[in-house]
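Comments concern the structure below.
The values are calculated or read from the model by the stated rules, or taken from the named source; none is laboratory data. Bear in mind that the values here come from a model prediction, so they are computed numbers and not experimental data. Neighbour counts are summed over all protein chains in view; Cβ atoms, including those assigned to glycine, are modelled from backbone coordinates with ideal geometry.
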Amino acid sequence: MAGMAAPYHDWPKAELHLHLEGSVGPDTLRELAPELAAETVERIYGFTGFAEFLLAFGEVVKRLRTPEDYALVTRRLLDRLESENVRYAEVILSAGVVLWKKQEFGPVFDAVAEAAAGRAVQVRWIVDAVRHFGVEHAMAVAELAAERVGRGVIAYGIGGDEQRGPAGWFSGVYRFAREAGLRLTAHAGESAGPESIWAALELGAERIGHGIRAVEDPVLVQHLRDHDIPLEISITSNLATGVVADLEAHPVRRLYDAGVPITLNTDDPGMFRTTLSREYALAERHFGFTAEELRGVARNGFRYGFAAGAHPAIP
């Protein structure tokens, strides 16, 4: 695997589905919380299944106690992205979690924006709400995002539990966000079925985070293809959270062959112990993607980025 990852490592790349908080791996967590015993850290990262992952994510974000903690993890993330020749990244910042922790969002955002300034990676922020916390919460997050349009915040989205926070709740929130000048995304079709993706599209979502269960609905697949709506695919994430049973069950190849535009992403690279180069290598090794096909996927990362502009040459 390491040898296969090398060509993709050198390509200019973009990443469109990347959670700042989920970029925290065991080493960075120990920096944030040196008092944690080794067995506690091992337990946090030993999750299986989606519900356990959400609990582990909560354990990590509880250790982000100050704006400087957020700045630290931003620097660590950008160090890794630069080492992989990632040129553009839309980083998801969970303002919803900041509010859940009863922290002020303004100082947190100022800290991460300052940490990202002047780096080789062009960073834009997607401000994210926790959908199962409800509509009032989601609107509060949308207002925070709207206040920072023009300061690096490019889009608004919803994450969390699709089953407990159906997209249909948020039509007014998404209308507000769109009118405020924000681009729109949504996690959908990860732990819930195609109906969740349809609902996200009705909100106005321009890209779908994950979206792998679209494969269950041929009409939806055709709609995504015909309307050029990309799916942000994260193979290792889907395995780690158990939303697919194994690599053979993952539909990335079927979606691609059906003409659905896709990008490859890490989602929560620290928690899933992956890199963007590794995701490309998985696509080649297990799904038969050719180098030329993967070059097209790499171009998609720039093409579908909300602020990426023209993509650099990919050899």
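Which of the residues spanning region 28-52 are under 27 Å from Gly106 (Cα atoms) and either hydrophobic (A, V, I, L, M, F, W, C) or surrounded by fewer than 17 Cβ atoms within 10 Å (Cβ to Cβ) (or both)?
Looking only at region 28-52, we keep the residues that are under 27 Å from Gly106 (Cα atoms), and these are 28-34.
Passing the criteria: Leu29, Arg30, Glu31, Leu32, Ala33, Pro34.
Yes/no matrix, rows are residues, columns are (1) farther than 24 Å from Tyr88 by Cβ; (2) at pLDDT below 95; (3) surrounded by fewer than 22 Cβ atoms within 10 Å (Cβ to Cβ):
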| site | (1), (2), (3) |
| --- | --- |
| Gly204 | no, no, yes |
| Pro269 | no, no, no |
| Leu276 | no, no, no |
| Pro312 | no, yes, yes |
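Given the options Glu68, Glu42, Glu31, name the one that is more than 26 Å from Pro230 (Cα to Cα), without any contact (Cβ under 8 Å) to a residue 24 or more places away in the chain and not aliphatic (A, V, I, L, M).
Numbers: Glu68 fails: without any contact (Cβ under 8 Å) to a residue 24 or more places away in the chain; Glu31 fails: without any contact (Cβ under 8 Å) to a residue 24 or more places away in the chain.
None of the other options fit; the residue is Glu42.
Cβ contacts < 6 Å: first residue in a helix (DSSP H, G or I), restricted to region 264-278; second residue surrounded by fewer than 24 Cβ atoms within 10 Å (Cβ to Cβ) and acidic (Asp, Glu), any location; separation 6+ or different chain. Result?
So the pair list comes out as Leu276/Glu84; Ser277/Glu84.
I'd like to check which helices (runs of 4 or more DSSP H) are fully inside region 26-139 and have at least 2 residues that are under 30 Å from Ala199 (Cβ atoms). It would help to see each step written out before you state the result.
Working: elements: 26-32, 38-44, 50-61, 67-83, 95-100, 105-116.
Because the criterion is at least 2 residues that are under 30 Å from Ala199 (Cβ atoms), the helices (runs of 4 or more DSSP H) in region 26-139 that meet it are 50-61, 95-100, 105-116.
Are there any pairs with C-beta distances below 7 angstrom linking a residue in region 126-141 that is of a type in the set (Asp, Glu) to a residue that is buried (at least 20 other Cβ atoms within 10 Å of the Cβ) and assigned to a strand (DSSP E or B), with the two at least 6 apart or on different chains, and if so which?
Asp128/Ile92; Asp128/Leu93; Asp128/Gly157; Asp128/Ile158; Asp128/Gly159
It is to be established whether one or more residues within region 160-173 are of a type in the set (Ser, Thr, Tyr) and closer than 21 Å to Trp125 by Cβ.
Step one: list which residues in region 160-173 are of a type in the set (Ser, Thr, Tyr), which gives 171.
Then keep just the ones that are closer than 21 Å to Trp125 by Cβ; that gives none.
Taking every residue of region 160-173 in turn, none turns out to be of a type in the set (Ser, Thr, Tyr) and closer than 21 Å to Trp125 by Cβ.
Which one is farthest from Gly25 (Cα to Cα) among residues in region 72-94 that are in contact with an Asp or Glu (Cβ under 7 Å, 6 or more places away or on another chain) and of a type in the set (Val, Ile, Thr)?
Val86
Kindly check whether there is at least one residue in region 151-164 that is surrounded by fewer than 18 Cβ atoms within 10 Å (Cβ to Cβ) and in a helix (DSSP H, G or I).
no
Mind checking which residues of region 102-115 are under 27 Å from Ile208 (Cβ atoms), over 17 Å from the mean Cα position of the chain (by Cα) and of a type in the set (A, V, I, L, M)? Show your work before the answer.
Filtering region 102-115 down to residues under 27 Å from Ile208 (Cβ atoms) leaves 105, 108-109, 112-113.
Narrowing the set further to residues that are over 17 Å from the mean Cα position of the chain (by Cα) leaves 105, 108-109, 113.
Residues satisfying the conditions are Val108, Ala113.
Please determine, by comparing only the residues of region 241-260 that are in contact with a Phe, Trp or Tyr (Cβ under 7 Å, 6 or more places away or on another chain) and either farther than 12 Å from Glu190 by Cβ or free of Cβ contacts under 8 Å to residues at least 40 places away in the same chain (or both), which one is surrounded by the most Cβ atoms within 10 Å (Cβ to Cβ).
Quick first cut of region 241-260, residues in contact with a Phe, Trp or Tyr (Cβ under 7 Å, 6 or more places away or on another chain) only: 241-243, 252-253.
Narrowing further to those that are either farther than 12 Å from Glu190 by Cβ or free of Cβ contacts under 8 Å to residues at least 40 places away in the same chain (or both): 252-253.
Numbers: Val252: 26, Arg253: 16.
In this case the residue turns out to be Val252.
Here is a list of conditions, (1) modelled with pLDDT of 95 or more; (2) assigned to a loop (DSSP other than H, G, I, E, B), and Gly242 meets all of them except one; can you say which number that is?
Every condition holds for Gly242 apart from (1).
Can you name the number of the only condition in (1) surrounded by fewer than 21 Cβ atoms within 10 Å (Cβ to Cβ); (2) touching a Lys or Arg at 6+ places or on another chain (Cβ under 9 Å); (3) within 26 Å of Leu144 (Cα to Cα) that Glu68 fails?
Only one criterion in (1) surrounded by fewer than 21 Cβ atoms within 10 Å (Cβ to Cβ); (2) touching a Lys or Arg at 6+ places or on another chain (Cβ under 9 Å); (3) within 26 Å of Leu144 (Cα to Cα) is unmet by Glu68, namely (2).
Might you let me know whether region 92-101 holds any residue that is within 19 Å of the chain's Cα centre (by Cα) and aromatic (Phe, Trp, Tyr)? Break it down into steps so the answer makes sense when it comes.
As a first pass, look at region 92-101 and keep what is within 19 Å of the chain's Cα centre (by Cα): 92-98.
Subsequent filtering for residues that are aromatic (Phe, Trp, Tyr) retains none.
No, every residue in region 92-101 fails to be within 19 Å of the chain's Cα centre (by Cα) and aromatic (Phe, Trp, Tyr).
Only one of (1) part of a helix (DSSP H, G or I); (2) touching a helix residue (DSSP H, G or I) at 6+ places or on another chain (Cβ under 8 Å); (3) β-branched (Val, Ile, Thr) fails for Val219. Which number is that?
The failed condition is (2).
Scan (1) on the phi > 0 side of the Ramachandran plot; (2) under 18 Å from the mean Cα position of the chain (by Cα) for the single condition Gly181 breaks and write down its number.
In the conditions (1) on the phi > 0 side of the Ramachandran plot; (2) under 18 Å from the mean Cα position of the chain (by Cα), Gly181 misses (2) alone.
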